[in-house]
1. Which ones in the stretch 175-198 are buried (at least 20 other Cβ atoms within 10 Å of the Cβ) and under 27 Å from VAL164 (Cβ atoms)?
2. When the residues of the stretch 499-518 are narrowed to those that are part of a helix (DSSP H, G or I) and touching a Ser or Thr at 6+ places or on another chain (Cβ under 7 Å), which ends up farthest from TRP340 (Cα to Cα)?
3. Determine the pairs where a residue that is surrounded by 15 or more Cβ atoms within 10 Å (Cβ to Cβ), located within the stretch 230-244, has a partner that is of a type in the set (Asp, Glu) and in a loop (DSSP other than H, G, I, E, B) with Cβ atoms under 8 Å apart, the partner being 6 or more residues away or on another chain.
4. Looking only at the stretch 77-112, how many residues end up being in a helix (DSSP H, G or I) and touching a residue at least 60 places away in the same chain (Cβ under 8 Å)?
5. Which of the residues that make up the stretch 521-542 are among the hydroxyl-bearing types (Ser, Thr, Tyr), touching a helix residue (DSSP H, G or I) at 6+ places or on another chain (Cβ under 8 Å) and closer than 23 Å to HIS395 by Cβ?
6. Return the residue satisfying two criteria in turn: it lies in the stretch 353-362 and is more than 17 Å from PRO308 (Cα to Cα) and open to solvent by less than 40 Å² (accessible area, probe 1.4 Å), and of such residues it is farthest from the chain's Cα centre (by Cα).
7. From the set of residues in the stretch 478-505 that are among the aromatic types (Phe, Trp, Tyr) and open to solvent by 10 Å² or more (accessible area, probe 1.4 Å), which is farthest from ILE398 (Cα to Cα)?
8. Looking only at the stretch 511-544, count every residue that is closer than 26 Å to GLU385 by Cα, among the aliphatic types (A, V, I, L, M) and in contact with a strand residue (DSSP E or B) (Cβ under 9 Å, 6 or more places away or on another chain) and tell me the total.
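The values are calculated or read from the model by the stated rules, or taken from the named source; none is laboratory data. No experiment lies behind these values; they were computed from the predicted model shown. Here the Cβ positions follow ideal geometry from the backbone for every residue, glycine too, while neighbour counts run over all protein chains shown. Heavy atoms of the whole protein, side chains included, go into the accessibility calculation; ligands, DNA and RNA do not. Shrake-Rupley method; radii C 1.70, N 1.55, O 1.52, S 1.80 Å.
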Amino acid sequence: MKRLLSLSTLLFIALTSASAQQKEYRPMDDENKVVDLTLDSLEKVRTARPLAGSSRRGSNPVLFLVGNSTMRTGTKGNGDNGQWGWGFFAHNYFDETKITVENQALGGTSSRTFYRQLWPDVLKGIRPGDYVIIELGHNDNGPFDSGRCRATIRGISATDSLVVTLKDGPNKGQTETVWSYGEYMRKFVRETRALGAHTILMSLTPRKREDAGHLSWQAVRVGDTFGLWARQVAEELNVPFVDLNELSASKYDKMSSWKLNYHFYLDNIHTSKFGAEHNARCAAEGIMACTHPELQPLKAMMKNLALPTTGVRREQGKPVVFITGDSTVKNDDRDSTGMWGWGSQAYRIFDPEKITFINCAMAGRSCRTYLREGRWERVYNDLHEGDFVLIQFGHNDIGELHRGKHRGEIPGTADTSCVSRVVMQDEAYNEVVYSFGWYLKKMIDDCREKGATPIIVSLTPRNEWPGGKIERRNDTYGRWYREVAEQTGCEFVDLHNITADALDGIGQEAAKRYYNHDHTHTSLAGARLNATGIAIGLTRTNSPLAQYLK
């Protein structure tokens with residue numbers, strides 16, 4: 001005969017069980033300490049994000065990106081606050097005549113909130129043969145039922161669950177079953193497979209933190225939590241896994257603390273354009289390196305994985321000297337009566353039997369535009385240990401930050417920045433602009449990372465003669481070059497004053513032959529004068545590069 005329990009006993013058991021369950025499922029602490037209010041306006045979110053599948057071209061597949069603010073910052077995801085998610089740059093690695101990339105990510109979402117509030121809309125656009133990248137976890141923390149209401153249960157259990165009544169947010173008062181992080185990953189995979197599409201699970205992008213003992217920045221790995229759990233679910237369900245966290249962090253490990261720091265912007269989790277492009281490349285390289293057979297068709301639709309370079313031809317045993325700068329370094333360099341940059345005369349000062357030289361300068365460029373256009377990236381990718389880089393900018397770095405050619409920079413050498421809205425040739429985008437000195441420090445730091453020797457060179461003097469003496473800019477760019485040299489310990493060739501001294505010695509009238517029709521650009525004679533000034537400066541400073549002079 002069955003024994004009936006009293007109502008009070010049943011109530012006691014229920015309360016005890018609920019209490020034990022709540023205690024057992026302790027959510028993870030919010031280590032990011034970043035408040036993202038994106039989800040507070042779902043209606044705005046839905047109008048800002050693309051309609052799922054709307055990018056599809058004919059019967060081509062679509063690669064859907066599902067993630068949080070590290071994949072798409074803010075509602076617009078356009079970098080208007082200086083932060084970028086890597087999903088914005090992911091399309092650069094895919095042939096969009098074969099597959100399109102749709103960034104369906106949204107800042108502030110956890111695996112739980114994305115699955116509940118946004119995933120149903122994404123499912124509507126998925127077709128057989130599509131791919132879905134899932135990179136979630138940064139926000140799977142905090143309270144289960146209050147605040148952001150986005151925490152998941154730790155681990156990958158398929159049976160652990162918790163029923164909560166939401167105390168905050170747009171769904172306040174509703175009940176919700178909360179699952180483990182791993183179970184949400186399973187739900188994404190199963191529902192994608194049910195539509196005949198493929199899932200790729202990725203670990204999280206790294207965060208950064210300051211090492212108080214050394215006052216330096218370090219990349220933070222999360223491989224023992226979300227990275228581990230995503231890998232375990234991928235192995236269990238036999239889907240591709242890319243350890244984006246480790247791929248990205250391992251590259252960060254090779255960077256200086258200063259460089260790692262500027263790969264993030266405003267906080268320790270959201271990336272700058274530098275960091276977003278870094279993570280996008282790591283994700284693409286991870287896909288290409290993954291041996292899972294499901295990725296073979298996707299790999300055939302990828303592109304641009306080869307690093308862009310200058311194309312310099314190296315000779316065994318010879319270092320390379322890369323010359324960077326503007327039109328005073330590289331110009332038409334053809335007509336004997338035309339404009340010439342001193343880099344064209346490098347053959348007159350460097351011994352080609354000992355060293356290879358390549359002139360990578362470009363007319364009209366400032367540090368900012370040289371970097372923006374990817375010209376510095378090509379130099380950086382080509383650098384080998386033992387190489388040299390001559391860095392000379394300044395003529396085009398003065399000007400407006402937010403209008404015109406958008407090549408001006410913040411005056412000075414402080415590590416400061418601002419966001420500029422760039423509108424050029426019917427294209428509009430947001431760009432973080434730094435100080436003149438910051439750009440020089442970046443180039444110096446990049447060279448040293450590769451084992452190359454950076455040498456900064458002050459700008460050539462202009463053909464202006466106030467008071468009968470040639471104009472000198474020792475109170476602006478000249479001073480800023482010196483400050484950077486002092487701050488970084490970088491070699492410095494003061495070409496500005498070396499050439500100015502020579503011109504003052506011959507006088508204003510005789511100096512005209514060294515310029516070509518204006519106050520900035522040099523004739524062939526002027527280019528040779530400046531090249532000689534480079535040789536003089538290298539010798540005066542006892543530069544290691546001086547041993548390669550003729």
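1. VAL178, TRP179, SER180, TYR181, GLY182, GLU183, TYR184, MET185, PHE188, VAL189, THR192
2. That would be THR499.
3. What qualifies is ARG231/ASP243.
4. 8
5. Matches in the stretch 521-542: THR522, SER523, THR532.
6. Restricting to residues being more than 17 Å from PRO308 (Cα to Cα) and open to solvent by less than 40 Å² (accessible area, probe 1.4 Å), the top hit is ILE355.
7. Restricting attention to the stretch 478-505, the residues satisfying the condition of being among the aromatic types (Phe, Trp, Tyr) are 480-481, 492.
Those left that are additionally open to solvent by 10 Å² or more (accessible area, probe 1.4 Å): 480, 492.
Numbers: TRP480: 13, PHE492: 21 Å.
Once the filter is applied, the top-ranked residue is PHE492.
8. 4
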